[in-house]
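The structure appears right after this line, and notes come after that.
The values are calculated or read from the model by the stated rules, or taken from the named source; none is laboratory data. Computed from a prediction, not measured in an experiment: that's the story for all the values here. Cβ: placed from backbone, ideal geometry, glycine included. Neighbour counts: every protein chain shown. Remember, those area values only see protein heavy atoms, side chains included, never the ligands or the DNA or RNA. Shrake-Rupley method; radii C 1.70, N 1.55, O 1.52, S 1.80 Å.
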Amino acid sequence: MAKVDFGESFRLYKRIYCEYLAPHWRKFSIALIAMVVAAATEPAFATLMKPLIDKGFTEQDSTAMIVTPLAVMGVFLIRAIAAYVNETTSTWLSGTVVEKMRIQLFQKLLKMPVQYYDESNSGRMISRIVYDATQITEAGFNVITVIVKDGLTIVGLLCLLFYINWQLTLFCFFTLPFVLILVQVMSKRLRKLNKNNQEQYGQMTQVVTEAVQGQKIVKLLDGHNYETERLSESVLLIKNNAVRQSGTSAINSGVSQFLVAVALSCILYFATTRSRANGFTAGDFVSFITAMIMILQPMKRITNVTQSLQRGLASAESVFAFLDEKEEADDGIKVIDGAKGNISINNLTFRYPTSERNILNNISLEIKSGETVALVGSSGSGKTTLANLIPRFYLPQHGSISLDDNLLNDIALQSLRDQIALVSQEVVLFNDNVYNNIAYGSNRRFEREDVLNAAKLANALEFIEQLPNGFDTHIGENGTRLSGGQKQRLAIARAILKNAPILVLDEATSALDNQSEKLVQEALDRLMQNRTTIVIAHRLSTIQHADKIVVMDQGNIVEVGKHDELLTKEGVYSNLYNIQFKSNSSL
């Protein structure tokens, strides 16, 4: 027989309660009290059936005929008030759990290392925040509502049944062991099905996200059918898994209810036979049957709660596993304010976890303050990887990098990154207005004049002022309403505003037309002044005036020098330059 890991379930449930419900213990207590009151009204109503039948109908007692109906009204009024308090409080608590969970997940996601993003499914990352956080409330509070309210209702009704006739009530218990065995068997299957559900929702989210982000390619290459097939496959898996979940839950509920029905049938038979011998009144019988009927619905909800519990616990397992993931390493304690920009790279070796060979091999390089250093080489030579190690997006396996004689590992991560500005070919903009995109993420409060000046220096002010609402114009998701050159100039304005002493330019002009490139290059020339600049360049014509050109090949530095010096050597750089020169001349 399959067994559920009750220890693991208890650990997850305890963490949900301690971290998310315990801080709101006052509201939680109110909800519990409301549940207890609502549960108490069930056996109270069944109890009132005895005087209603025996006194009202049989003996025609006028007092009982007036008081009992009023008591029934009072019971249902109390029940309605308790249900209102319980529902509103429970909804607030559930919403609070989801709110806190989503914020925690998002904050955790932002603190994960770049390598985590490289290796993880983005759809699964999104669905964990959107889907799992919602499902976790099933295990966090909704299940508590059912177990406490319906559990107390069942206990109260059982007490009433024992009070009326304990021999008949004992028949109720012969079904209990069978129900417990059934719940135990089904719980493991439901947990597995819910884990599958999480992965399938992540896959579906991934397909939709990719289709939306790449919609131009989908249209251009007629990928509608292909993307639809991908989504159909994911949706079909979700549907089939949902059917299995429903089937498992239905078996669990149906068999449990059948066992209860068998017990009820036996009770009805023995109740009619015992009524002749033991003075079992009509009121006793109606009260007993009412309690038996009323006990069925809470028992049904109790048996059905297994699916919600397992779904919630599966989500909790996924969420807590992610929250317990190791965040981006930040062991440095030194805080730098205004670095000089001297960078020293010593015997640096780096390999991605999934790579079969080193991306960088024993790299050593000195970059002086205010110097412009260009990294050139064929695709895959390690240029971008080397630049990504400077802001500690990745950590090398061997060797070290120093900034102003301070090892990067000794510098607080945010302090290090405050010293670095990045402008890349793939500009990242947000679905916000122009002003907020330029001033994005800064810890300092800028005057509007500072933002306008940064836009002016980036050759962006002219086109911004022509937008419908100027700086307040929303630019769409990732700047879809702007041209490539306009996006690039906003990114440069952002870097100018940051005013960091170190600048990394990653193929910043490679995808622009001549006119846009001219404007962007002018802005970059202003940005590079009095800064240590690392330029990753594909177009060699843009880095001819660099103080130092570093030529890389298969993770090694093969040449270092100025433009004219390297051409004279007639080595790797000279070959690259001649290839580009001939290519440009043929156009």
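The test for being surrounded by 15 or more Cβ atoms within 10 Å (Cβ to Cβ), modelled with pLDDT under 90 and touching an Asp or Glu at 6+ places or on another chain (Cβ under 9 Å) holds for L422.
Checked across segment 500-522, the condition of being among the aliphatic types (A, V, I, L, M) and open to solvent by 40 Å² or more (accessible area, probe 1.4 Å) holds for at least one residue. Those residues that are open to solvent by 50 Å² or more (accessible area, probe 1.4 Å), among the polar types (S, T, N, Q) and at pLDDT below 75, I need them from segment 241-271; list them, please. Matches in segment 241-271: Q257, S265. Scanning segment 330-381 for residues that are closer than 24 Å to A508 by Cα and out of contact with any strand residue (DSSP E or B) (no Cβ under 9 Å at 6 or more places or on another chain) turns up S379, G380. Among the residues making up segment 292-322, those that are closer than 30 Å to A412 by Cα and surrounded by 15 or more Cβ atoms within 10 Å (Cβ to Cβ) are V319, F320, F322. Taking first residues from segment 252-266 that are more than 17 Å from L161 (Cβ to Cβ) and partners that are at pLDDT below 70 and charged (D, E, K, R), the Cβ contacts under 7 Å between residues at least 6 apart in sequence or on separate chains come to S253/K300; Q257/K300. Among residues belonging to segment 364-378 that are among the small types (G, A, S) and over 11 Å from M552 (Cβ atoms), point out the one that is least open to solvent (accessible area, probe 1.4 Å). Out of the qualifying residues, it is G370. Look at (1) out of contact with any helix residue (DSSP H, G or I) (no Cβ under 9 Å at 6 or more places or on another chain); (2) in contact (Cβ under 8 Å) with a residue 60 or more places away in the chain and you find that E366 fails only one, number (2).
Pick from G470, G441: which is free of Cβ contacts under 8 Å to residues at least 12 places away in the same chain and out of contact with any Gly (no Cβ under 9 Å at 6 or more places or on another chain)? Checking each option against the conditions leaves just G441.
If you go through segment 287-301 and keep only what is of a type in the set (A, V, I, L, M, F, W, C) and touching a residue at least 40 places away in the same chain (Cβ under 8 Å), you end up with F288, A291, M292, M294, I295, M299.
Here's the yes/no breakdown for (1) under 42 Å from the mean Cα position of the chain (by Cα); (2) open to solvent by less than 50 Å² (accessible area, probe 1.4 Å); (3) charged (D, E, K, R); (4) farther than 12 Å from V376 by Cβ:
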{"residue": "R539", "(1), (2), (3), (4)": "yes, no, yes, no"}
{"residue": "V558", "(1), (2), (3), (4)": "no, no, no, no"}
{"residue": "K562", "(1), (2), (3), (4)": "no, no, yes, yes"}
{"residue": "Y573", "(1), (2), (3), (4)": "no, yes, no, no"}
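For segment 432-461, a residue qualifies if it is assigned to a loop (DSSP other than H, G, I, E, B), over 30 Å from A329 (Cα atoms) and either open to solvent by 80 Å² or more (accessible area, probe 1.4 Å) or in contact with a Cys (Cβ under 8 Å, 6 or more places away or on another chain) (or both), and exactly one does: E447.
Residues that are open to solvent by 60 Å² or more (accessible area, probe 1.4 Å) and either among the aromatic types (F, W, Y) or within 17 Å of V550 (Cβ to Cβ) (or both) occur in segment 381-399; there is at least one.
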